Amino acid sequence: MKYFKQLLCLMMMALAFMPAFANEQQEEKEGEKKSIDLQEVLWGHIKDAYSWHITDIGGKPVVIYLPVIIKTSTGWHFFCSSKFSHHEDAEGRRWALDESGQPDKNLNLYISSVKDDNKIYEVVNGEPQKVTLDFSITKTVVVLFIDAILLLLCILIPARWCKKHKVDDPAPKGFTGLMHMFVMYVYDDVIKPSLGKEADKYAPYLLTCFFFIFIANIMGVVPFPPGGGNLTGNITFTFLLALCTFIITNVTGTKAYWKDIFWPHVPTWLKVPVPLMPFIEFFSIFTKPLALMIRLFANMMAGHAIAISLTCIIFIMFAINAIAGSAMTVVSVGMSIFMMLLEVLVCFIQALVFTMLSAVFISLAHVKEEHAEAA
């Protein structure tokens with residue numbers, strides 16, 4: 001009975017994806033069936049947006065509208081994203097509407113689904129151009145705030161327990177004990193082996209990376225709000241994390257580290273007159289954080305795309321006939337459950353890999369002079 005309840009819970013989580021696609025079901029019109037635009041469904045749930053589409057109830061979308069904060073040629077504007085039309089025109093534009101439901105000529109703003117991933121454009125003298133500044137609270141920003149709050153709770157609750165207890169007190173239980181286990185595992189098995197005596201110096205940053213990425217990954221797997229946001233599948237977010245590791249690695253690098261880059265211990269003809277090895281070593285400074293950025297982004301975005309694609313199979317098969325749709329529903333739900341379980345494992349692995357590689361890169365930048373000469 002215990003395992004039956006767990007399986008039922010997993011099936012409900014997988015089925016929670018389905019209402020989001022209810023409006024994509026095949027409809028018959030004058031004897032012809034519409035086909036699902038799978039690419040539109042995938043990118044519509046993966047990329048950033050100025051509103052948060054929750055689901056459809058009775059054919060009507062349930063949407064959380066977010067604040068838009070932009071600067072255009074006419075100055076600053078603050079309004080809710082509900083001001084934009086829900087329907088696109090022939091050129092894929094959703095215009096900002098006035099009270100009468102017509103395009104607002106005072107703003108001349110629209111969201112383009114064709115250009116630059118749903119960004120806001122302004123029409124100036126008949127020519128479209130991006131708004132000057134865009135500080136809007138988008139879906140990704142909201143998810144970022146939610147994950148940051150969860151991270152603070154996950155750290156401050158165990159920290160409060162540690163503040164009230166002594167070192168020789170019995171180990172904590174429940175959530176606090178789980179967090180202690182995670183912290184000590186990452187510190188003892190990932191950070192300390194890489195950084196040695198300097199582990200305590202960089203542990204706060206590396207532990208923050210691990211837990212923030214892990215929480216963001218897990219919340220992305222949860223198919224209902226406040227989860228469902230594809231934060232680590234956004235390359236801007238992974239770029240920021242990789243940039244932090246890049247800055248810490250190179251700013252704290254030793255003299256031996258920089259000497260090894262610009263004058264490595266290789267035969268002189270590889271350095272003079274053509275600085276072949278110095279160029280390769282200098283180029284590697286940028287390839288390391290680039291690998292961090294691409295690895296996390298690609299793995300998490302691919303997981304979301306596969307999970308959504310498996311759900312779309314149901315509606316594609318129902319477009320053929322009810323028998324095929326019913327048969328594929330069982331297969332699709334089963335595969336979705338498997339993918340969600342696999343995604344939970346990937347969430348942990350990707351957070352661990354990012355933290356481990358960051359620790360390795362930082363340790364390589366702290367090479368001592370005697371080690372550099374020995375190499």
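Between residue 295 and residue 80, 0.36 nm times their residue separation minus their Cα-Cα distance comes to what?
Length difference between fully extended and current span is 73.9 nm.
Ligands, DNA and RNA excluded, the heavy atoms of residue 91 present near 120 Å² of accessible surface to a 1.4 Å solvent probe.
Just the number please: accessible area per residue for the chain, 1.4 Å probe, all protein chains included, in Å². Write down the numbers at each step before the final one.
Working: 21630 Å² over 375 residues.
Accessible surface, normalised per residue, equals 58 Å².
Kirkwood's formula applied to the C-alpha pairs of the range 235-331 gives a hydrodynamic radius of 17.5 angstrom. Looking at the chain, do any whole DSSP H helices span at least 24 angstrom along their long axis by alpha carbon and average 1.0 or above on Kyte-Doolittle, and which? Qualifying helices, which must be both long enough and hydrophobic enough, are 139-164, 199-221, 276-320, 322-364. Charged side chains reduced to their Cβ positions (Lys and Arg at +1, Asp and Glu at -1) give the range 265-375 a dipole of some 220 debye around its Cα centre.
Using alpha-carbon positions, what is the distance between the centroids of the range 210-246 and the range 59-128, in Å? A separation of 27 Å, based on Cα centres.
Atom-type composition of the exposed protein surface of the chain places 67 percent of the accessible area on carbon and sulfur (1.4 angstrom probe). Charges were assigned to the Cβ only: +1 to each Lys and Arg, -1 to each Asp and Glu. The resulting dipole of the chain about its Cα centre is roughly 1080 debye.
For residue 69, the residues 5 or more places off, or on other chains, whose built amide H falls under 5 Å of its own are 135, 136, 137. Equivalent-ellipsoid semi-axes for the chain (Cα gyration tensor, √(5λ), whole Å, largest first): 43, 30, 22.
Among rounded, prolate and oblate, which fits the range 174-254 when a ≥ b ≥ c are the square roots of the eigenvalues of its C-alpha gyration tensor, a/c under 1.5 means rounded, and a/b larger than b/c means prolate? Oblate. Please find, in a Gaussian network model of the chain (springs between Cα atoms separated by less than 10 Å), the residue of 234, 217, 125 whose mean-square fluctuation is greatest. Taking springs between Cα atoms under 10 Å, the residue moving most is 125.
Residues considered: 352, 156, 243. Largest GNM mean-square fluctuation over the chain, using C-alpha springs under 10 Å, is found at 156.
With a threshold of 19 Å on the Cα-Cα distance, the over-threshold entries among 192/255; 60/105; 197/368; 71/119 are 192/255; 60/105. Residues considered: 236, 208, 268. Largest GNM mean-square fluctuation over the chain, using C-alpha springs under 10 Å, is found at 268. Over the chain, Cα pairs under 8 Å with separation of 6+ residues give a relative contact order of 19 percent. Estimated from helical segments only, the mean residue ellipticity of the chain at 222 nm is -19000 deg cm²/dmol, where each DSSP H run of four or more residues counts as -39500 (n - 2.57).
The values are calculated or read from the model by the stated rules, or taken from the named source; none is laboratory data. Treat the numbers as computed from the prediction; the structure is a model and nothing was measured. Neighbour counts are summed over all protein chains in view; Cβ atoms, including those assigned to glycine, are modelled from backbone coordinates with ideal geometry. Calculation scope for accessible area: heavy atoms of the full protein, side chains included, ligands and nucleic acids excluded. Shrake-Rupley method; radii C 1.70, N 1.55, O 1.52, S 1.80 Å.
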